[in-house]
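Notes for the one structure printed next.
Here, each number is a calculation from the coordinates, and none is a lab measurement. Every value quoted in this text rests on a predicted model; they were computed, and no experiment measured them. When we count neighbours, we look across all protein chains shown, and the Cβ atoms used for this are built from the backbone with ideal geometry, even at glycine.
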Amino acid sequence: MRLLRFAVPAAALLLPVLALAEAPAPTLSADDARHLLVRTGFAALPGEIAKFEGLTRAEAVRRILAGERTEAATAPPALRKDCSSSAGGIAKWRRRPRRSPSG
């Protein structure tokens, strides 16, 4: 009886979650595809919109990111050997008293 007291409310909470997990992912309409393409910085031409129409959001994002590179295009800049002296200058600048524009 005690187990039933906890099992029924738990089942009532979990059933909607399980129903959502099994529901098919909604597909993009033409407006959804246009919005995604504009927000990601790509031209939303009718031909491009048509390519994304009918895809799920996850499929559309995978398609957008599929052509992107994961390695840096340029090497990072070389570090300067005199960085320690410039850091001291920054520390001195931070200790200066600040003055307001009016006085």
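Structure values in brief
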quantity	calculated
Cα-Cα pairs of the range 25-67 separated by more than 15 Å (percent)	28 percent
Neighbourhood charge, 12 Å Cβ-Cβ cut-off, centred on Pro26 and excluding it, Lys, Arg +1 and Asp, Glu -1	-1
By average C-beta atoms within 10 angstrom, highest first, the peptides 45-55, 70-80	45-55, 70-80
Computed lengthening from Ala75 to Val61, 0.36 nm per intervening residue step minus Cα-Cα distance	2.3 nm
